[in-house]
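The values are calculated or read from the model by the stated rules, or taken from the named source; none is laboratory data. Worth saying up front: this structure is predicted, and the values here are computed from it rather than measured. When we count neighbours, we look across all protein chains shown, and the Cβ atoms used for this are built from the backbone with ideal geometry, even at glycine. All accessible areas refer to the heavy atoms of the entire protein, side chains included, with ligands and DNA or RNA removed. Shrake-Rupley method; radii C 1.70, N 1.55, O 1.52, S 1.80 Å.
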Amino acid sequence: MGIFDTIKEKLSNEFIDIIEWLDYTDDTICHRFERYQNEIKNNAKLIVREGQTAVFINEGQLADVFEPGTYTLNTQNLPILTTLKGWKYGFNSPFKAEVYFVNTHLFTDEKWGTKNPITLSDERFGLVEIRAFGTYAFKINDPGKFIIDIVGTDNNFTNFEINEHLKSLIATRFTDTVGKANLPIELYAANTTELSETCKEVMQPEFNSVGIALEKFYIENVSMPEDLKKEIFEYSRIDKLDLDKLTKFKTAKAIEAAAANEGGTAGAGMGMGMGFVLAQQMGGMMNPQMGQQQVQQQQGGVMPPPMPTAVQYFYALNGAQAGPVSIEQLKGLFANRTINKDTLIWKAGLSDWTKLQEVEELKSFLGGNTPPPLPPQ
């Protein structure tokens, strides 16, 4: 570059009287306004557009912050910088200061996820591993703090540069939150909305500490190994099955298989034996009193008390009454988010409809139950 080019650049930059930033990208968070030796003329025009904030930095120290609008830069509009510079009666010559434009619009659809599986302890399945991923949205709510603590001297700071830090923070706090939730393992995937809200409340203070507001936080999926899924589904089916009916069904299938076997007397004998068993079971089903008499004779005349009646629950759904259902069916409705903690519940013995979270035996659906402390010895 020749001497005349240098002079031309100096003149074109030193005497610039409009300071503004036109953002043509969708990922720039902070941009430093460049000019020759950072010099600004007295009464220069500062234009801050909607969705922007202008921050003046003097020798690494935060000075004045401007919201959207048009300003004439003088000692009246630069009170902090005027104090730092020691101007008592205004200034006439160009002064040096760094001007940063901060993008304050909402940055949406940012991705997060757990890099490694999270190990949890479940009372039924022992130690289990889950993974999670989702999206979040943030915006800069304190531009001065953000520049001092995060941007530093970077002349063009993008959301890519901050995303890795934010994703690590989210993964750490998510792990802590689900570890303390103490929910049954199958309820993590069924309660992603409430879990998202809880995680957002936990993370918000740490975002604020660097001038960032966490506006949205979503958990899109909580996954677990396939073998664990099969165990949970199997456990759920067995928990709802009538084992007595299952035994009779398998007995009938075994008799059918033995009858179809042409293996000789062994198959016939097995068929006859199984037939006697089935006949006794069918006789008991057809004549319950006879079955009870046989049991009474076998036990020396001792008659067991009647079976307790299962509690039936009614619940409110879309302004209408639904039910009755058993407590296990109610738990399934809660797990698939048909009902929630605020759903109104009624059962025999309750004087009025009551929220699910206030019914004593249903509080276990919400997780986190712990026994009271032991009495003093």
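Overview of results
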{"item": "Total residues in region 333-356, condition surrounded by 18 or more Cβ atoms within 10 Å (Cβ to Cβ) and assigned to a helix (DSSP H, G or I)", "result": "3"}
{"item": "Selection status of Gln312, in contact with a Lys or Arg (Cβ under 9 Å, 6 or more places away or on another chain), more than 20 Å from Pro184 (Cβ to Cβ) and of a type outside the set (Asp, Glu)", "result": "yes"}
{"item": "Every residue from region 125-145 that is out of contact with any helix residue (DSSP H, G or I) (no Cβ under 9 Å at 6 or more places or on another chain) and either within 30 Å of Asn182 (Cβ to Cβ) or loosely packed, with under 15 Cβ neighbours inside 10 Å (or both)", "result": "Gly126, Leu127, Arg131, Phe133, Thr135, Ala137"}
{"item": "Residues of region 320-332 classified as aliphatic (A, V, I, L, M), over 21 Å from Ile185 (Cα atoms) and open to solvent by 30 Å² or more (accessible area, probe 1.4 Å), total", "result": "1"}
{"item": "Search result, residues across region 79-112 that are touching a residue at least 24 places away in the same chain (Cβ under 8 Å) and either among the small types (Gly, Ala, Ser) or on the phi > 0 side of the Ramachandran plot (or both)", "result": "Gly90, Ser93, Ala97, Asp109"}
{"item": "Number of the exception - Phe365 against (1) modelled with pLDDT of 80 or more; (2) closer than 23 Å to Leu183 by Cα; (3) aromatic (Phe, Trp, Tyr)", "result": "(1)"}
{"item": "Selection count, region 119-167, where residues are of a type outside the set (Phe, Trp, Tyr) and either under 20 Å from Leu214 (Cβ atoms) or touching a Phe, Trp or Tyr at 6+ places or on another chain (Cβ under 6 Å) (or both)", "result": "25"}
{"item": "Residue selected from region 186-209 under the condition closer than 22 Å to Glu129 by Cβ and polar (S, T, N, Q), by the criterion most open to solvent (accessible area, probe 1.4 Å)", "result": "Thr198"}
{"item": "Any hit, region 234-250, residues being over 13 Å from Phe138 (Cβ atoms), at pLDDT 75 or above and surrounded by fewer than 17 Cβ atoms within 10 Å (Cβ to Cβ)", "result": "no"}
{"item": "Any hit, region 284-293, residues being at pLDDT below 85, surrounded by 14 or more Cβ atoms within 10 Å (Cβ to Cβ) and out of contact with any strand residue (DSSP E or B) (no Cβ under 7 Å at 6 or more places or on another chain)", "result": "yes"}
